[in-house]
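Shown next, in structure tokens, is the structure this report addresses.
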Amino acid sequence: SFIGEESVAAGQGSILTDNPTWIIDPIDGTTNFVHRFPFVAVSIGFVVNKKMEFGIVYSCIEDKMYTARKGKGAFCNGQKLQVSGQEDITKSLLVTELGSNRDPETIKIILSNMERLLSIPIHG
């Protein structure tokens, strides 16, 4: 099976089943792409029994290939990635994205979540 982000955004429905399924977003960061903001990627995932088996993200402008496989770790251009080990949230950097859905109820939920996150004394 295949699920494409662009076709879902165009209104086609998709149902994730237990069948092996490719999930593909050929222009991950469409809004960035439209506005010539240089953070755009091609994202591909492979799911079996509704569980992610592996994923590949190619950051086109940076020429970086991110890969990850369940139980095998994550890599960037072949070099192993790992989390920082920082346990103090006040020294953490928060990154968020609003998404493109402008439905009033969705915006309300997103802003409520962001308000809770921003009330934490984070570094930035």
- Message: When you scan segment 76-84, do you find a residue that is farther than 30 Å from ILE122 by Cβ and open to solvent by less than 80 Å² (accessible area, probe 1.4 Å), even just one?
- Response: yes
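Can you go through ARG69, ARG116, ARG102 and tell me which one is open to solvent by 90 Å² or more (accessible area, probe 1.4 Å) and within 17 Å of the chain's Cα centre (by Cα)?
Details: ARG116 fails: within 17 Å of the chain's Cα centre (by Cα); ARG102 fails: within 17 Å of the chain's Cα centre (by Cα).
None of the others qualify; the one that does is ARG69.
Looking for something part of a strand (DSSP E or B), open to solvent by 60 Å² or more (accessible area, probe 1.4 Å), modelled with pLDDT of 95 or more and over 21 Å from ASN77 (Cβ atoms) - is there at least one such residue anywhere in segment 32-47? Don't jump to the end; show me each part of the working.
Going residue by residue through segment 32-47, those that are part of a strand (DSSP E or B) are 41-47.
In the following step, the residues that additionally are open to solvent by 60 Å² or more (accessible area, probe 1.4 Å) were identified as none.
No: segment 32-47 contains no residue that is part of a strand (DSSP E or B), open to solvent by 60 Å² or more (accessible area, probe 1.4 Å), modelled with pLDDT of 95 or more and over 21 Å from ASN77 (Cβ atoms).
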- Result of the Cβ filter at 8 Å on segment 100-124, keeping first residues that are within 28 Å of PHE33 (Cα to Cα) and partners that are among the small types (Gly, Ala, Ser) and open to solvent by less than 50 Å² (accessible area, probe 1.4 Å), at least 6 apart or interchain, is THR106/GLY99; ILE110/GLY99
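How many residues are assigned to a strand (DSSP E or B) and open to solvent by 80 Å² or more (accessible area, probe 1.4 Å) if we restrict to segment 48-66?
In the first step, residues of segment 48-66 are kept if they are assigned to a strand (DSSP E or B); the result is 48, 51-59, 64-66.
So of that shortlist, the ones also open to solvent by 80 Å² or more (accessible area, probe 1.4 Å) come out as 51-52.
Of the residues in segment 48-66, 2 are assigned to a strand (DSSP E or B) and open to solvent by 80 Å² or more (accessible area, probe 1.4 Å).
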- Note on the structure: The one condition VAL42 fails out of (1) more than 30 Å from PHE2 (Cβ to Cβ); (2) within 17 Å of the chain's Cα centre (by Cα); (3) of a type in the set (Val, Ile, Thr) is (1)
- Scan segment 20-31 residue by residue and report those that are surrounded by 15 or more Cβ atoms within 10 Å (Cβ to Cβ) and farther than 21 Å from PHE2 by Cα. none
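The values are calculated or read from the model by the stated rules, or taken from the named source; none is laboratory data. For clarity, every value in this text was computed on a predicted model and none was experimentally measured. Heads up, the Cβs are rebuilt from the backbone with ideal geometry, glycines too, and the neighbour counts pull from every protein chain shown. With ligands, DNA and RNA removed, areas are computed over all heavy atoms of the protein, side chains included. Shrake-Rupley method; radii C 1.70, N 1.55, O 1.52, S 1.80 Å.
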